[in-house]
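Working notes, structure below.
The values are calculated or read from the model by the stated rules, or taken from the named source; none is laboratory data. These numbers come from a predicted model, not from an experiment. Every residue, glycine as well, gets a Cβ built from its backbone with ideal geometry; the counts of neighbours run over all protein chains shown. What goes into the accessible areas is simple: the full protein's heavy atoms, side chains included, and nothing from ligands, DNA or RNA. Shrake-Rupley method; radii C 1.70, N 1.55, O 1.52, S 1.80 Å.
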Amino acid sequence: MCGIVGYLGNHSSKSILLDGLSELEYRGYDSAGIAVLHDGEFSYFKAVGKLENLIRKTAEFDTNGFSVGIGHTRWATHGKPTEINAHPHLGNSSYVVHNGIIENYQSLKKQLTAKGKNFLSQTDTEVIVHLFESHLEEGVAPVEAFRQTIHEIEGAYAVLLVTKSKPDTIFFAKNGSPMIVGTNESDEKFFGSSDAALIGNCSQVIYLEDSQLGYVTPTKIYIENESGESIAPTFAHLPESKLSAQKEGFRFFMEKEIYEQSTVISDTLLGRLGSDTIIFDEIEPNLLEGIREIKLCACGTSYHAALASSYLFERLGKIRTSVEIASELRYKEPLLTPDTLFIVISQSGETADTLETLKMAKRAGLRTLVICNVDNSSMVREADGAILTRAGIEKGVASTKAFATQMTVLWMFALYVAQTNKTMTPDTIREQIALLREVPSVVKVPQDLHERLRRLSKRYLHGHGFFFIGRDIFFPLALEGALKLKEISYLHAEGYPSGEMKHGPIALADPELFTIALMPSNMLYEKTKSNVEELSARDATICAISDTPFENADDLIQMVGHTHYMLDFFEIMVILQLLSMEIAIRLGNDVDMPRNLAKSVTVE
Ligand code: M6R
């Protein structure tokens, strides 16, 4: 996810901005840049790749005396990770940096292009600086021009803007993306999209609220709310540890990433939902022309996302769908026909087996699509089309938010197939879109639920194994629940379709066999219940996850319950992630870096 820094004062802007950006490196990025306004002139530098590249480019540059500067590390969402797309973005005499997504950037871009504005980048961000300058050109004063600009953009943003028309000022705005303003005894002003960038520089900080905007000068911090009313700043103290600041108060990155799922799913949905249509601007409109089958291929958690989505492709898109584990597909001499869309799913975009199957499919003349979290990764470069999942960097080795955003994209893509092939009416697509919009709130973690799972976890630290069971789309979710548990707790766990238990695995049933039963009432509840009863009759210990009371459960994790099984899917996903994490924490394991595992598996 992108990072933002800003500085106003008499020290070296360059050093402060670059130091701040290096503190934000943990968030992941593919390019970086700074712009500094000193003595009425801008100097700006951008570089693709690691921060060292930017540091090298700025080696000869420095400021002496007062300056204002902004900096950014970019994680590509709109447009490739190139120097042109890197922030800051330039108008005529102003620069902007931005985190988030401007949802209405296309219509704004059209209007601004009609007015003669020249766009250099493919980003949504560039509209901000052109919009601001078009207001200046209409004779509007800088503060009002910035206010109007922010009120015209829609979506999620944290924005910093510097302009020659007000050279002692940094403008800022926040909505949905974090932004912190800091100051110290020397009246310097600092900005950061996370505490980590500010620790050591500021004595007090203001955590901006959504819909606030304002500006800083050497003598002032001005903040206003949506209605333009001035807000008295509320100062807070910064945490002292940079590592804990990076974890934003959570014990592990995995925990932080579970809690981030609501935000990153919102990002994933942004700009892709019309009222009754799914919009994927990034793929060619004829991608599905002549396609009669979908083949999904992936590894690990991404494979589970593939398997889960196959239920949606057939059910909603009415298209024949098969799913393959990449390491298996490579050597099975598969029949690959050109009427098949070959979709690979990968968080990293670098997994060797998945990448090789993508190349194989291309050699066989198939059209290919990658659903990936990392732009410019090998798979994104290789595939004919790419849909980015916008989860931001995932540091925990056990995948959580990447899976959540993969499922979001795949559900949308199944609907996209349905709308293209007209297998659903606009009305039924509209209903599904309404459900998709509910997902960010469904995955928010209620504190009482987390506490309940933390307490429950102490009963599940031993035994001779876990079975995670479910039916339909809850079967791949059961597989994912079992994978999460074994990755971080080192306990033996397997995922099974509920109906399969009596075909062998039930032989293991005894009180030391823990069954985690996925039992939402919206999906084949009675069938699953009978399977769980069979296990309970053989004295297996049952932990049911359900919205319905179940008398045979030893433990019941009570779901909120929803109107649709896909919302249940996302609710149970969070429950399984938290339960595994709490078990692993109790066992004293390093949840973020489990033994024997690597985040990106680039060998066969
Ligand atoms: O980067 P990818 O999605 O291609 O990675 C695939 C698997 O290696 C990955 O999902 C792995 O299973 C995770 N550790 C799961 O938590």
Next item on the list: Compute the separation of the alpha-carbon centres of the range 281-316 and the range 330-357 and state it in Å as a whole number.
Entry: 12 Å
Check: Label 7 Å along Cα→Cβ of residue 458; the range 484-500 residues with amide nitrogen under 18 Å?
Finding: none
Next item on the list: Keeping all protein chains in position, work out how much accessible area residue 130 exposes to a 1.4 Å probe, and write it in Å² to the nearest 10.
Entry: 10 Å²
Checklist line | Qualifying GluC sites (Glu not before Pro) in the range 91-183, DSSP loop, other Cβ atoms within 10 Å at most 14 | finding: 138
Next item on the list: Taking the chain as the reference, fit the longest principal axis to its C-alpha atoms, fit the long axis of helix 13-23 to the helix C-alpha atoms, and give the angle between the two in degrees, 0 to 90, nearest 10.
Entry: 10 degrees
Note to self: I need the per residue convex hull volume for the range 58-142, using only the alpha carbons, in cubic angstrom as a whole number.
What the structure shows: 123 Å³
Next item on the list: Counting other Cβ atoms within 10 Å, keep those with at most 16, restrict to DSSP loop, and tell me which trypsin sites (Lys or Arg not before Pro) in the range 476-543 are left.
Entry: 538
Checklist line | 20 Å reach of a label modelled at residue 185, 7 Å along Cα-to-Cβ, counting backbone N of the range 1-42 | finding: 8-12
Next item on the list: Over the chain, calculate the relative contact order: mean separation of alpha carbon pairs under 8 Å at least 6 apart, over the residue count, as a percent.
Entry: 10 percent
Margin query: Let me check I've understood the local charge: for residue 477, count other residues with C-beta under 13 angstrom from its C-beta, Lys and Arg +1, Asp and Glu -1. What total comes out?
Written below: -2
Item checked: Angle in degrees between helix 525-537 and the longest Cα principal axis of the chain, rounded to the nearest 10 -> 60 degrees
Notebook entry, point to check: Leaving out same-chain residues fewer than 8 places away, which lysines sit with a Cα under 25 Å from that of residue 115?
Noted result: 164, 166
Note to self: Are there any trypsin sites (Lys or Arg not before Pro) in the range 267-312 that are in a DSSP loop and have at most 15 other Cβ atoms within 10 Å? List them by number.
What the structure shows: 292
Notebook entry, point to check: Applying the Karplus parametrisation 6.51 cos²θ - 1.76 cosθ + 1.60 with θ = phi - 60° to the phi angles of the range 496-507, what ³J(HN,Hα) value in whole Hz is obtained for each residue in order, glycine and proline being reported as x?
Noted result: 9, x, 3, x, 8, 4, 6, 8, x, x, 4, 4
Notebook entry, point to check: Under 23 Å Cα-Cα from residue 458, which lysines qualify once same-chain neighbours fewer than 8 residues away are excluded?
Noted result: 256, 484, 486
Check: By DSSP, what percent of the beta bridges with both residues in the chain are antiparallel, rounded to the nearest 5?
Finding: 60 percent
Checklist line | Calculated FRET value between residue 339 and residue 437, using beta carbons and R₀ = 45 Å, to 0.05 | finding: 0.85
Next item on the list: Assuming R0 = 45 Å, can you tell me the calculated FRET efficiency for the pair residue 148 and residue 526, based on Cβ-Cβ distance, to the nearest 0.05?
Entry: 0.20
Checklist line | Orientation-averaged projected area, Cα convex hull of the range 445-591 (nm²) | finding: 7.6 nm²
Checklist line | Whole-angstrom Cα spans of the range 1-54 along principal axes, big to small | finding: 33, 17, 17
Notebook entry, point to check: Which listed residue (446, 564, 460) has the Cα farthest towards the positive end of the charge dipole for the range 445-591, taking +1 on Lys and Arg C-beta and -1 on Asp and Glu C-beta about the Cα centre?
Noted result: 460
Checklist line | Residues in the range 466-503 that a label on residue 533 would reach, taking backbone N under 13 Å of a point 7 Å out along Cα→Cβ | finding: none
Check: the range 468-533 to the range 220-264: how many Å between their Cα centroids?
Finding: 38 Å
Checklist line | Convex hull volume per residue in cubic angstrom - Cα atoms of the range 245-443 | finding: 108 Å³
Item checked: Percent RCO, i.e. relative contact order, over the range 3-241, from Cα pairs under 8 Å lying at least 6 residues apart -> 19 percent
Notebook entry, point to check: Cβ under 14 Å from residue 506's Cβ, residue 506 left aside: what net charge do those residues give with Lys, Arg +1 and Asp, Glu -1?
Noted result: -4
Checklist line | Mean Cβ count within 10 Å, highest first, over the residues of peptides 229-239, 340-350 | finding: 340-350, 229-239
Next item on the list: Just subtract the alpha-carbon distance of residue 318 and residue 564 from 0.36 nm times their residue separation and send over the number in nm, one decimal.
Entry: 86.6 nm
Next item on the list: Please work out how much length the chain gains when fully extended from residue 64 to residue 104, using 0.36 nm per residue of separation minus the C-alpha to C-alpha distance, in nm with one decimal.
Entry: 10.4 nm
Checklist line | Separation between Cα centres of the range 383-422 and the range 545-580, rounded to whole Å | finding: 23 Å
Check: What is the antiparallel percent of DSSP beta bridges lying wholly in the range 3-241, to the nearest 5?
Finding: 100 percent
Check: Applying 1/(1 + (r/R0)^6) with R0 = 22 Å to the Cβ-Cβ distance of residue 603 and residue 50, what FRET efficiency is obtained, to the nearest 0.05?
Finding: 0.45
Note to self: 7 Å from Cα along Cα→Cβ at both residue 113 and residue 289: what's the point-to-point distance in nm?
What the structure shows: 2.2 nm
Next item on the list: With unit charges on the beta carbon (Lys/Arg positive, Asp/Glu negative), name the residue among 327, 420, 235 whose Cα is farthest towards the positive pole of the charge dipole of the chain.
Entry: 327
Check: What is the local net charge at residue 591, summed over the other residues whose Cβ is closer than 14 Å to its Cβ (Lys, Arg +1; Asp, Glu -1)?
Finding: +3
Next item on the list: Report the extension gain between residue 596 and residue 502 in nm, rounded to one decimal, defined as 0.36 nm multiplied by the number of residues separating them, less their alpha carbon distance.
Entry: 30.5 nm
Next item on the list: Report the charge-dipole magnitude of the chain in Debye, nearest 20, computed about the Cα centre from +1 at each Lys and Arg Cβ and -1 at each Asp and Glu Cβ.
Entry: 880 debye
Next item on the list: Could you work out the equivalent-ellipsoid semi-axes for the chain, taking the square root of 5 times each eigenvalue of the Cα gyration tensor, largest first, in whole Å?
Entry: 45, 28, 22
Margin query: At 1.4 Å probe size, with the rest of the protein present, what percent of the exposed accessible area of the chain is carbon and sulfur atoms?
Written below: 49 percent
